[in-house]
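Enquirer: First the structure, which I've put down as structure tokens, then a few questions once you've had a look.
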């Protein structure tokens, strides 16, 4: 059963709202994928903060028109599932990992604002660390010199205390 005009407008508005704060959109063909596996994929997407939905291509074309993702419209052919994420890497990682275990999910394309990715680009994006991982690595790198300096400063009184303890033990033994 098709959607009436009001339902279509609501879907376009919902997708447009997701696209407004999205950093990446990944498109994959799900032809032949079992319902149980799609349910697992949706649960994983919710956990990762990815908006994942099967949508009519014409409605998504309307939603991306005039945005930085409008170049993706030429790849919207066939039965597609859309992964939309505010994290540039999350949707690519989610769909790429799921596609490794399920041959029937085929990644078709992806997009970042004003840039369309091919399949190889999506897979390369999926191998990148997430924003949180990059921030933690940066913080670790920034903290390393300070932590080393503090350990060095702490070593002086520690050696002094060990020396006193050794003198005390020597006097007690004598």
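Enquirer: Looking for whichever is under 24 Å from the mean Cα position of the chain (by Cα), free of Cβ contacts under 8 Å to residues at least 12 places away in the same chain and surrounded by 12 or more Cβ atoms within 10 Å (Cβ to Cβ) here; the options are 70, 24, 16. Which one fits? Working first, answer last.
Expert: Values: 24 fails: free of Cβ contacts under 8 Å to residues at least 12 places away in the same chain; 16 fails: free of Cβ contacts under 8 Å to residues at least 12 places away in the same chain.
That would be 70, the only listed residue that is under 24 Å from the mean Cα position of the chain (by Cα), free of Cβ contacts under 8 Å to residues at least 12 places away in the same chain and surrounded by 12 or more Cβ atoms within 10 Å (Cβ to Cβ).
Enquirer: Assuming residue 113 fulfils every condition listed in (1) over 30 Å from residue 4 (Cα atoms); (2) touching a residue at least 60 places away in the same chain (Cβ under 8 Å); (3) crowded, with 20+ Cβ neighbours inside 10 Å apart from one, which condition is it?
Expert: Every listed condition holds for residue 113 apart from (3).
Enquirer: Could you run through the stretch 82-139 and say how many residues are under 25 Å from residue 60 (Cα atoms) and not in a loop (DSSP other than H, G, I, E, B)?
Expert: 32
Enquirer: Then there's this: Kindly evaluate residue 172 against the criterion of being surrounded by 10 or more Cβ atoms within 10 Å (Cβ to Cβ), in a helix (DSSP H, G or I), outside the structural domain of residue 50 (by TED's automatic domain parsing) and without any contact (Cβ under 8 Å) to a residue 60 or more places away in the chain. Show your work before the answer.
Expert: Details: surrounded by 10 or more Cβ atoms within 10 Å (Cβ to Cβ): no; in a helix (DSSP H, G or I): yes; outside the structural domain of residue 50 (by TED's automatic domain parsing): yes; without any contact (Cβ under 8 Å) to a residue 60 or more places away in the chain: yes.
In short, no.
Enquirer: Testing residue 101 on (1) closer than 30 Å to residue 67 by Cβ; (2) in the same structural domain as residue 67 (by TED's automatic domain parsing), one condition comes back false. Which one is that?
Expert: (1)
The values are calculated or read from the model by the stated rules, or taken from the named source; none is laboratory data. All of these numbers come straight from a predicted model, not from anything done at the bench. Every residue, glycine among them, receives a Cβ derived from its backbone with ideal geometry; neighbour counts consider all protein chains shown.
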